[in-house]
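*Asks:* For reference, the structure I am asking about is given below.
The values are calculated or read from the model by the stated rules, or taken from the named source; none is laboratory data. Here the structure is a predicted model, which is why all the values come from computation and not from measurement. Methodologically, a virtual Cβ is constructed for each residue, glycine included, from the backbone with ideal geometry; neighbour enumeration extends over all protein chains shown.
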Amino acid sequence: MCGIVGSYYYKQQNPDEGYLHWCLKTMAHRGPDSSGTWSNEKNYLAGFVRLSIRDLSAHGSQPMLSDCGRYCISFNGEIYNTDKLSKLLLPYRSSYKSTTDTEILLYALMHLGIRQTLETANGIFAFAFYDIERNLLTLARDRMGIKPLYIGYSNEGLLYSSQYDHIINHSFCSNNSLQADAVELYTCLGYVPEGLGLIAGTQLIPHGHYITVQPSGWQLTAYYNYPAMNTPGNESINEVVARSVNQQLVSDVPLGTFMSGGVDSTLVTHFAAKQQPVQSFTIGLHNSPLDESDEAAAFAASFNTTHETRVVEEKDLLDSIAINTKAYSEPFADFSSIPTLLLSKLAAGKVKVALSGDGGDELFWGYPRNAKALHHAAVIHNNQAAKYYRFIRQRLLNQAKTVGVRHLKANNIVDYYYQSLFIAGASSSAQKILHSFKQPAPFFLKKAQEVSISFKDDVQVMNLVRKMEMDLHLQRILLKVDRAGMYHSLEIRVPLLDNLVLDYSTSVNYKDCIINNTGKANLKKVLAQATSDHQVYRPKKGFDIPMKDWLNSILYKDVEEKLMYMPLLLSVYFKRDQLAQLLKQHKEGRADHSWTLWAVYTLVLWHQQHYKSFNAREVSNIEKHIPGTRL
């Protein structure tokens, strides 16, 4: 919906006016419709760029002040259950100046407090709420982290922004070193996980958490934790998804859906089309056996959507690499971001809001690795002697591998399964190319390690597996989708991660989802009832980037140059000879190191594009008052 930025100084006068305007300029794509700033004329300064979705009038302008003048909010996202919050606010007020969810959120925080508001609000959001009288700033993200919020901090104060480049270029952090743990986690996971930042003194606020900032410092608090346990429930998946999609259709601007041809986005489109006319969007890959645009078009015809397909050439994908580097202001190594950018651009030409199907695989055990988890858990929790016996026996008898080296090294299913969330090949290549490989535990892995379960209880094991998918792997997907959409000024909503679906999902047993080693059986059943078994129960293709071939041909020289002569700031973490070895093996076809090579390559591109990108002299050329701002 928007972009927010601000700085809070503990003691001194806030000097960041020029810097703030640079931030607004460089995130105008997140909010091209208007911008605004507000200051307490002391230590706090807030900025905002707007992508108008609800109440397109000036009444929706931000930063927004309360009637009493005591509170200020900058809000990025959407709140879907404003009707529920409005009812809770009836003892305090019954009328509003606008029809925006921002104003409802402002008064909910003011009257109901941070905890009750966050536990009640259903939406995608990141916000900054400031109490002028108490000089207290609260920063928060939604339950699953669909909207981003980064912070940078020093002994002088704290900076926040929707974009990571704003954080690392501020004086609080611009001279800080890289964090070795973050470099390692990035190389393994393909992104820097929450609670950490590539640059020291920075981090992405963990989802389901909020931060309070005051002159004495800042503190992180959790308000939501996706559970690793079952809860009772009697609703059907059909009812829950229908309700979540319906409430996420609220918009005063054109709205559409992504439709890949797979189950999740198609199911979302089905329920959306039952409520209103829908525009759906698909991209396909020319001359590829993995192209699913025909399947998506067939679904669109059955739902009677206004469907648009763009079949892209390989050149379109290659040309998007430069855009990819600009769009992701933090290093990001999932090259499926490239088609996501192209799909977002296609949709943004017709609509301002798009619904996606993200979250279905994580919530309902849809990945092939999920079906294998119980086998791995059983092996790992044997004693070491039994594991070594099976390991040696299967090799002496040349049997199909059921016990591997990773099983022998793993202490428990949490540590083992965590490695299955690494980008392809990273479990072996990362420790080869990094000077230091300490296997640090990211924030949410530590949370999973704290969960008490019986590893002999299959249901408990599978619930923990799902929690790890939600807290770790899903975050890479959400990062990818938000940055791709907002780069093209497109708000992407995720109905399958609505609070209604999150709450419902914990009542579901994995046995209802994994049937014949294939997951998401419950979602597939609903979609098949609306279409046909033939359309739904077919092998999944998946849009695939020909990265392996690119790295051997058109990208090879540039990748080799970037990896062999990377900046000193990065090179101290990597073994140059081992990178050269990976390049050679890949070039000769002896191994496919696509993901690892792309990860290191995009890290260098990130450094080139975003690190030290702030130029104070340029700021002096930016108009002191950007149109639409208030300072």
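*Asks:* Based on what the data block shows, is Thr187 assigned by TED's automatic domain parsing to the domain that holds Ala528, surrounded by 20 or more Cβ atoms within 10 Å (Cβ to Cβ) and of a type outside the set (A, V, I, L, M)? Quick ask: steps written out before the conclusion?
*Replies:* Working: assigned by TED's automatic domain parsing to the domain that holds Ala528: no; surrounded by 20 or more Cβ atoms within 10 Å (Cβ to Cβ): yes; of a type outside the set (A, V, I, L, M): yes.
Judged against the criteria, Thr187 is not a match.
*Asks:* Output the residue which, of all residues in segment 1-44 that are free of Cβ contacts under 8 Å to residues at least 60 places away in the same chain and not in a loop (DSSP other than H, G, I, E, B), is nearest to the chain's Cα centre (by Cα).
*Replies:* Here the answer is Ala28.
*Asks:* Quick check on segment 202-211. Is at least one of its residues free of Cβ contacts under 8 Å to residues at least 40 places away in the same chain and under 21 Å from the mean Cα position of the chain (by Cα)?
*Replies:* Initially, segment 202-211 is screened for residues free of Cβ contacts under 8 Å to residues at least 40 places away in the same chain, giving none.
No, every residue in segment 202-211 fails to be free of Cβ contacts under 8 Å to residues at least 40 places away in the same chain and under 21 Å from the mean Cα position of the chain (by Cα).
*Asks:* Only one of (1) surrounded by fewer than 22 Cβ atoms within 10 Å (Cβ to Cβ); (2) outside the structural domain of Tyr44 (by TED's automatic domain parsing) fails for Glu194. Which number is that?
*Replies:* The number of the failed condition is (1).
*Asks:* What is the number of the single condition among (1) in contact with a helix residue (DSSP H, G or I) (Cβ under 7 Å, 6 or more places away or on another chain); (2) touching a residue at least 24 places away in the same chain (Cβ under 8 Å); (3) closer than 26 Å to Glu119 by Cα that Ile53 does not meet?
*Replies:* (1)
*Asks:* Six or more apart or on different chains, Cβ under 8 Å: which pairs go from a residue in segment 461-485 that's on the phi > 0 side of the Ramachandran plot to one that's aromatic (Phe, Trp, Tyr) and part of a helix (DSSP H, G or I)? Could you list them?
*Replies:* Partner pairs satisfying both residue conditions: none exist.
*Asks:* Residues to consider are Ala121, Ala108, Ala128; find the one that is free of Cβ contacts under 8 Å to residues at least 24 places away in the same chain, aliphatic (A, V, I, L, M) and crowded, with 23+ Cβ neighbours inside 10 Å. Working first, answer last.
*Replies:* Working: Ala121 fails: free of Cβ contacts under 8 Å to residues at least 24 places away in the same chain; Ala128 fails: free of Cβ contacts under 8 Å to residues at least 24 places away in the same chain.
Only one candidate passes the filter, namely Ala108.
*Asks:* Additional query: State which residue is surrounded by the fewest Cβ atoms within 10 Å (Cβ to Cβ) when the search covers only segment 422-464 and only residues that are in contact with a helix residue (DSSP H, G or I) (Cβ under 7 Å, 6 or more places away or on another chain) and of a type in the set (Ser, Thr, Tyr).
*Replies:* Here the residue is Ser454.
*Asks:* Moving to a separate point now. Which fully enclosed helices (runs of 4 or more DSSP H) of segment 310-370 have 2 or more residues being crowded, with 24+ Cβ neighbours inside 10 Å and either more than 14 Å from the chain's Cα centre (by Cα) or outside the structural domain of Ile423 (by TED's automatic domain parsing) (or both)?
*Replies:* So the answer is 337-348, 360-363.
*Asks:* For the list (1) of a type outside the set (D, E, K, R); (2) in the same structural domain as Pro254 (by TED's automatic domain parsing); (3) assigned to a helix (DSSP H, G or I); (4) in contact (Cβ under 8 Å) with a residue 40 or more places away in the chain, I need the number of the one condition that His376 fails.
*Replies:* (2)
*Asks:* Still on this model: Looking only at segment 9-34, count every residue that is within 22 Å of Ser613 (Cα to Cα) and not aliphatic (A, V, I, L, M) and tell me the total. If you could, list the steps in order and put the result at the bottom.
*Replies:* Kept after step one, since they are within 22 Å of Ser613 (Cα to Cα), are these residues of segment 9-34: 14-32.
From what is left, the residues that are not aliphatic (A, V, I, L, M) are 14-19, 21-23, 25-26, 29-32.
Qualifying residue count for the region: 15.
*Asks:* Tell me whether segment 489-501 contains one or more residues that are of a type outside the set (A, V, I, L, M), in a helix (DSSP H, G or I) and crowded, with 22+ Cβ neighbours inside 10 Å.
*Replies:* Restricting attention to segment 489-501, the residues satisfying the condition of being of a type outside the set (A, V, I, L, M) are 489, 491, 493, 495, 498-499.
Cutting the leftovers down to in a helix (DSSP H, G or I) gives us 495, 499.
From the residues that got through so far, the ones that are crowded, with 22+ Cβ neighbours inside 10 Å too are 495.
There is at least one residue in segment 489-501 that is of a type outside the set (A, V, I, L, M), in a helix (DSSP H, G or I) and crowded, with 22+ Cβ neighbours inside 10 Å.
*Asks:* Also: Do we find that Ser39 is at pLDDT 95 or above and surrounded by fewer than 22 Cβ atoms within 10 Å (Cβ to Cβ) in this structure? Working first, answer last.
*Replies:* Numbers: at pLDDT 95 or above: yes; surrounded by fewer than 22 Cβ atoms within 10 Å (Cβ to Cβ): yes.
Here the answer is yes, as Ser39 does meet what is asked.
Results for (1) surrounded by 23 or more Cβ atoms within 10 Å (Cβ to Cβ); (2) polar (S, T, N, Q); (3) over 28 Å from Ala297 (Cβ atoms); (4) in contact with a His (Cβ under 9 Å, 6 or more places away or on another chain), shown as yes or no for each residue.
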residue: Arg466; (1), (2), (3), (4): yes, no, yes, no
residue: Gly485; (1), (2), (3), (4): yes, no, no, no
residue: Asn516; (1), (2), (3), (4): no, yes, yes, no
residue: Gln529; (1), (2), (3), (4): no, yes, no, no
residue: Val536; (1), (2), (3), (4): no, no, no, no
residue: Pro539; (1), (2), (3), (4): no, no, no, no
residue: Lys557; (1), (2), (3), (4): no, no, yes, no
residue: Met564; (1), (2), (3), (4): no, no, yes, no
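*Asks:* Looking at segment 566-598, which of its residues are more than 23 Å from His610 (Cβ to Cβ), buried (at least 19 other Cβ atoms within 10 Å of the Cβ) and not small (Gly, Ala, Ser)?
*Replies:* Hits for segment 566-598 are Leu582, Leu583, His586, His593.
*Asks:* Let me ask you something else. Out of the helices (runs of 4 or more DSSP H) lying entirely within segment 54-127, which hold 2 or more residues that are farther than 29 Å from Leu204 by Cα?
*Replies:* On the way: elements: 82-88, 101-111, 114-120.
Hits in segment 54-127: 82-88.
*Asks:* Being of a type in the set (A, V, I, L, M, F, W, C) and under 20 Å from Leu204 (Cβ atoms) is the filter here, so list the residues in segment 477-501 that pass it. Full working, then the answer.
*Replies:* To start, the set of residues in segment 477-501 that are of a type in the set (A, V, I, L, M, F, W, C) comprises 477-479, 481, 484, 486, 490, 492, 494, 496-497, 500-501.
Listed by number, the residues that qualify are Ile477, Leu478, Leu479, Val481, Ala484, Met486, Ile492, Val494, Leu497.
*Asks:* Could I ask something else about it? Considering only segment 271-309, how many residues are at pLDDT below 95, hydrophobic (A, V, I, L, M, F, W, C) and in a loop (DSSP other than H, G, I, E, B)?
*Replies:* So the answer is 1.
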